[in-house]
Each structure stands twice: as structure tokens, then as C-alpha cells.
Amino acid sequence: MIELYTWTTPNGRKVSIMLEECALPYRAHKIDIGKGEQFAPEYLKINPNGKIPSIVDPDGPDGKPIAMMESGAILVYLAGKTGKFLPRSVRGKYEALQWLMFQMGGVGPMFGQAHHFMRAKKDEIAYGSERYGNEARRLYGVMNRHFERNEFFSTDYSVADIATYPWVARHEWHRVELNEFPHVKRWYDLVGARPAVAKGMAIPQQ
Ligand SMILES: N[C@@H](CCC(=O)N[C@@H](CS)C(=O)NCC(=O)O)C(=O)O
């Protein structure tokens, strides 16, 4: 049984969606990042960066337990373990990894900063909201142009779609109206209709 350490945030939900999609047995442990549980010494042994998500797989690549941090790396690990959600063609695999990196280096950090300035601070700082809000909209434009011609990020539904969906699900937080990006909306509705996505988005239960 894989142990998942997570919270109710997009980075955590990427991994619960992937575990649900792969039908891997797992147990979710709540790490309340509002209470600082991510900095507990026991947890830092699993995730030295002090963030969620992390997993511990008792059945690692060499048959020994493996602890992993960084949601993108965890998705690639689980794809390797199960043979699922990374396209089999070499071209398709690298396209999926390209868009996964786009999510990890762009969508996640930029939307996250937009949320910080637009929501978390009581006295909202206009410069931060504008900067990260504009960057979030620019990234929606990139995705909209891609989805105009492509059903998914890569040739098939993949780790790139799984990683991006929970961030787009927070579109109201970064003040984006999905109807302005109709091809992103078409993709969002398609991915959201998958039962495993709905299940993964409900983890951890409050
Ligand atoms: N690059 C990391 C980012 C993880 C991350 O930022 N997690 C947030 C929640 S979505 C967190 O743990 N924040 C608590 C903190 O920064 O103290 C990943 O993708 O796993």
C-alpha cells in the first residue's frame, strides 16, 4: 500500500488523481500545511523540502521502500511503475514530459503566486496581483492555442493533463473566467468527467 502525504491543494490532488487513475491501493495522510505540519522532523525525513505532496512506496524499484517528493517526479515514478499515463511512442512521451514541465515550472508557481497575492494577504498588494494575474492569463492563452488543435497535452491523456487539471480547477482563485478560453474549457470538462479525477479531487477528505 502506498502512503500519500497530502493536503487539499492542487499539488496534492495531482497525486491522488494519478493513484486513482492507476487503481493503486493507497492511504492518504493529512499534512495540515496551515498548522505547519510539513515542518515536523518526522515528515522532513520523507520530504526534506517541507512541502506536500510526498509518497512512500514500500515496494520501490529495487523491492525496497522509496520516499519521493515533488509532484511531477511522483507522477513520472507512478507512470513508470504502472506503465500508464505516459504515451508509449517516444514522441508522445516527450511531449507529455514537456507539458508536465510547463505545469511544474509555469502553471503551478505562477497560479500559486497569483493566489497568494489575490487571496492569502488581507491587504492585497496590487503589483503582485497584477504581475501574477497577467502571467496566469498568458499561460491560459498558451493552453487555449494548444487545445484548439489537440484533445490533450500529448497524443493521449497523460501525466501532463493530470498535473494541470487541479490548478485550472482553481480558476476562480486567480480570477480567470473559463468561457474566455473555450478550448481550455472543453479540455477541462473532458478531464473533469473522468471518475478517477472526481475521486482524486476529493482527497484528502475534510
Ligand atoms: N514543487 C513542489 C511544490 C509543492 C508545494 O508548493 N506544496 C505546497 C502546497 S500546494 C506546500 O506544501 N506549501 C506549504 C509551505 O510552503 O510551507 C511540488 O510540485 O511538489
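From a point 7 Å beyond the Cα of residue 88 in the direction of its Cβ, which residues of region 154-175 have a backbone N at a distance under 16 Å? Zone members listed by number: 155-158.
Relative contact order for the chain: 26 percent, from Cα pairs under 8 Å spaced at least 6 residues apart, divided by residue count. Reported to the nearest whole Å, the Cα centre-to-centre distance from region 124-182 to region 1-54 is 24.
For residue 66, the residues 5 or more places off, or on other chains, whose built amide H falls under 5 Å of its own are 57, 59, 60. Between residue 27 and residue 183, full extension at 0.36 nm per residue minus the direct alpha carbon distance yields a gain of 52.7 nm. Pairs of Cα atoms under 8 Å, at least six residues apart: use those to get the relative contact order of region 1-106, whole percent. It rounds to 24 percent for region 1-106. Qualifying trypsin sites (Lys or Arg not before Pro) in region 64-111, where qualification requires a DSSP coil assignment and no more than 14 other C-beta atoms within 10 Å, comprise 88. Mean sequence separation of contacting Cα pairs (under 8 Å, at least six apart), scaled by the length of region 55-139, corresponds to a relative contact order of 17 percent. Comparing mean-square fluctuations of 63, 112, 72 from a GNM of the chain with C-alpha springs under 10 Å, the top value falls on 63. The ranking of 71, 89 by Cβ neighbour count inside 10 Å, starting from the fewest, reads 89, 71. Of all the options 166, 195, 25, the one that moves most in a Gaussian network model of the chain with Cα springs shorter than 10 angstrom is 25. In terms of packing, defined here as the mean over residues of other Cβ atoms within 10 angstrom, the peptides 28-41, 94-107, 179-192 line up highest first as 94-107, 179-192, 28-41.
Maximal additional length on extending the residue 39-residue 62 stretch stands at 5.4 nm, based on 0.36 nm per residue less the C-alpha distance.
With neighbour counts taken as other beta-carbon atoms within 10 Å, the residues 6, 82 rank, fewest first, as 82, 6.
We did not get these values from a lab; they are worked out from the coordinates using the rules stated. None of these values were measured; they are calculated from a predicted model. Ideal geometry is used to build each Cβ from the backbone, glycine not excepted, and the neighbour counts take in all protein chains shown.
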